[in-house]
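Q: Mind having a look at this structure? Questions to follow.
The values are calculated or read from the model by the stated rules, or taken from the named source; none is laboratory data. As the structure is a computational prediction, the values presented were derived from the model and not from experiment. Counting neighbours? That spans all protein chains shown, and the Cβs are built from the backbone with ideal geometry, glycine included.
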Amino acid sequence: MLSQLHCFAQSGNAYKAALMLELCGEPWEPVHVRFFEGAARTSEYAAVNEMAEVPVYSDGRVRLSQSGVILDYLSHKHRCFGAETEAERLEILRWTLWDNHKLTANIATARFMQLYLAERHRNPDVIAFLMGRARAALGVLERRLEARDWIVADRPTTADLSCAGYIWFLEEIGLEPAPATAAWRDRLAAQPGWKHPYELMPGHPFEAAE
């Protein structure tokens, strides 16, 4: 059977897993989760993931949620984009946790509030706060990449794929990648098998709530 990934096109977290599957060459099929219609909050979906989130990956042997866990599993399964030393393993973990807490969290929430939340519920002060935190996190990433091609090693690892989850969505909310980040994004896009999130996962285009 084909591996499956519960996902939708607007999710950068799901994109991390989808891109990893493509780059590792694993055949898979998307299962479209109509997240904005409340599909992840149903009792049926709770049987898939009690956390009510995407992505969820299954290959007949395991069912996994949380993008960092999926990236780690696929890295070991395919022996790709992983650590070669204990020091690299810890650095990959460090940057993956930072991404989920600082980079992805702020970009994703700011984007959700600007594009997908009903306009009457959008709070300009909250959005401005989140955008400030997103810019600060992007600054950390930029400084990391100014003197190196990849975040952890001399090659791309799952740390790069994790931090790249929302990097192709920046312009949608008025953010621009700084020079080193833009060059890193181009290097990722040059990897064999790379596809944009809107090409990889179902649900695009999306009509924003009014």
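Q: I want to confirm something. Restricting to the range 1-24 and keeping residues that are assigned to a loop (DSSP other than H, G, I, E, B) and touching a Pro at 6+ places or on another chain (Cβ under 9 Å), which single residue is surrounded by the fewest Cβ atoms within 10 Å (Cβ to Cβ)?
A: L2
Q: Something else about it: Suppose we filter A108, A40, A83, A52 for residues that are within 15 Å of N13 (Cβ to Cβ) and not in a helix (DSSP H, G or I); which single one remains?
A: Only one candidate qualifies: A52.
Q: From the list R94, R79, R89, R63, exactly one residue is among the basic types (K, R) and either under 23 Å from A190 (Cβ atoms) or modelled with pLDDT under 95 (or both). Which is it?
A: That would be R79, the only listed residue that is among the basic types (K, R) and either under 23 Å from A190 (Cβ atoms) or modelled with pLDDT under 95 (or both).
Q: Has the range 130-139 got any residue that is closer than 18 Å to F81 by Cβ and crowded, with 19+ Cβ neighbours inside 10 Å?
A: Within the range 130-139, none of the residues are closer than 18 Å to F81 by Cβ and crowded, with 19+ Cβ neighbours inside 10 Å.
Q: Separate question: For a quick check of your reading: which helices (runs of 4 or more DSSP H) sit entirely within the range 153-210 and have at least 3 residues that are surrounded by fewer than 14 Cβ atoms within 10 Å (Cβ to Cβ) and over 14 Å from the mean Cα position of the chain (by Cα)?
A: Because the criterion is at least 3 residues that are surrounded by fewer than 14 Cβ atoms within 10 Å (Cβ to Cβ) and over 14 Å from the mean Cα position of the chain (by Cα), the helices (runs of 4 or more DSSP H) in the range 153-210 that meet it are 179-189.
Q: Would you confirm, using the coordinates I've provided, whether A46 is surrounded by 15 or more Cβ atoms within 10 Å (Cβ to Cβ) and aliphatic (A, V, I, L, M)?
A: no
Q: Restricted to the range 55-73, and to residues that are touching a residue at least 12 places away in the same chain (Cβ under 8 Å) and either assigned by TED's automatic domain parsing to the domain that holds L90 or part of a helix (DSSP H, G or I) (or both), which residue is nearest to the chain's Cα centre (by Cα)?
A: S67
Q: Which one of the conditions (1) in contact (Cβ under 8 Å) with a residue 40 or more places away in the chain; (2) within 20 Å of L103 (Cβ to Cβ); (3) within 14 Å of the chain's Cα centre (by Cα) does E91 fail to meet, given that it meets all the rest?
A: Unmet for E91, out of (1) in contact (Cβ under 8 Å) with a residue 40 or more places away in the chain; (2) within 20 Å of L103 (Cβ to Cβ); (3) within 14 Å of the chain's Cα centre (by Cα): (3).
Q: Determine if the range 74-93 includes at least one residue that is touching a Cys at 6+ places or on another chain (Cβ under 6 Å) and either exposed (fewer than 14 other Cβ atoms within 10 Å of the Cβ) or among the charged types (D, E, K, R) (or both).
A: No; the residues of the range 74-93 include none that is touching a Cys at 6+ places or on another chain (Cβ under 6 Å) and either exposed (fewer than 14 other Cβ atoms within 10 Å of the Cβ) or among the charged types (D, E, K, R) (or both).
Q: A further question follows. Looking at A118 and the list (1) surrounded by 15 or more Cβ atoms within 10 Å (Cβ to Cβ); (2) touching a residue at least 40 places away in the same chain (Cβ under 8 Å), which single condition is not satisfied?
A: Status for A118: all satisfied but (1).
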